[in-house]
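We did not get these values from a lab; they are worked out from the coordinates using the rules stated. The structure displayed is predicted, hence computed values, not measured ones. No Cβ is skipped: glycine too gets one built from the backbone with ideal geometry, and neighbour counts run over all protein chains shown.
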Amino acid sequence: MTQQGKRLLLVAACALVDADGRVLLAQRPEGKQLAGLWEFPGGKVEQGETPEETIVREMREEIGIETKIACLAPLTFASHTYDDFHLLMPLYVCRRFWGTPEPREGQVLKWVRPRQMRDYPMPPADEPLIPFLIDLL
Ligand code: C5P
């Protein structure tokens, strides 16, 4: 529980970067909360998992690629209070991956230049992460 009594949810997110410096965004599918918004892929950290392990698992399950996180520290954290929970979300940058991303869970995937990310409506937790990626990339 957080101070305000809201559940704390830990989600790990990944900025997957290709050889051209583009970042992969995933559009949340119909039927999910925040459907239609574009996010950094990732998911909930399960019990006993490190956030890095979550990324490796989620990228395998959601988009069918193998990843290696070269830098173990997150670039930054999203921290956002939604109506029913508080989300804490480290953002990892991943440049090493094997395979071609393909949508395995009904998402739409798109490679986007960092400066174009603002054209894609994002969940409020993800949006503040954009300037960090623009600076880095
Ligand atoms: O993806 P999943 O639905 O498991 O994520 C749980 C919640 O975390 C979402 O409903 C959304 O509110 C939030 N989330 C987010 N940005 C992400 C991933 C999840 O705001 N990149």
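You can think of it this way: the chain between ALA19 and TYR82 has 19.2 nm of extra reach, that is 0.36 nm per residue less the Cα-Cα gap. Taking a ≥ b ≥ c as the square roots of the Cα gyration tensor eigenvalues, the stretch 2-80 comes out oblate, since a/c reaches at least 1.5 and a/b does not exceed b/c. Quickly work out the GLU46-to-VAL108 label distance, labels modelled 7 Å from Cα along the C-beta direction, and quote it in nm with one decimal. Taking the simple label geometry, VAL108 and GLU46 are separated by 3.0 nm. Distances between placed amide hydrogens fall under 5 Å for GLY43 paired with ALA12, all partners being 5 or more residues away or on another chain.
Relative to one another, the C-alpha centroids of the stretch 1-72 and the stretch 76-137 are positioned 8 Å apart.
Label-to-label distance, ILE134 versus LYS68, with points set 7 angstrom from Cα along the beta-carbon direction: 3.2 nm.
Taking amide H positions as modeled 1.01 Å from N, with prolines and chain starts lacking one, the residues under 5 Å from VAL93 and 5 or more places away or on another chain are ALA15, LEU75.
Under 5 Å between amide hydrogens, built in the peptide plane, is the criterion, and for LEU87 it picks out LEU9, HIS80, THR81, TYR82 among residues at least 5 positions away or on other chains. For LYS32, a cut-off of 17 angstrom between C-alpha atoms picks up these lysines, skipping any fewer than 8 places away in its own chain: LYS44. Length, then width, then depth: along the principal axes, the Cα atoms of the chain run 43, 34, 32 Å. Near ARG28: Cβ cut-off under 15 Å, other residues only, Lys/Arg at +1 and Asp/Glu at -1. The net charge is -3.
Beta-bridge orientation, the stretch 7-136: approximately 70 percent antiparallel, per DSSP, counting only bridges with both partners inside.
For LYS6, go through the aspartates and glutamates and keep the ones whose alpha-carbon is under 17 Å away, minus same-chain ones fewer than eight residues off. In chain and number order, the partners are ASP83, ASP84.
For the pair LEU75 and GLU30, the difference between a 0.36 nm per residue extended length and the Cα-Cα distance amounts to 13.3 nm.
Computed extension length for THR100-GLN116: 3.6 nm, one decimal, from 0.36 nm per residue of separation with the Cα-Cα distance subtracted.
Overall form of the stretch 63-137: rounded. Here a/c, set by the Cα gyration tensor axes a ≥ b ≥ c, is under 1.5.
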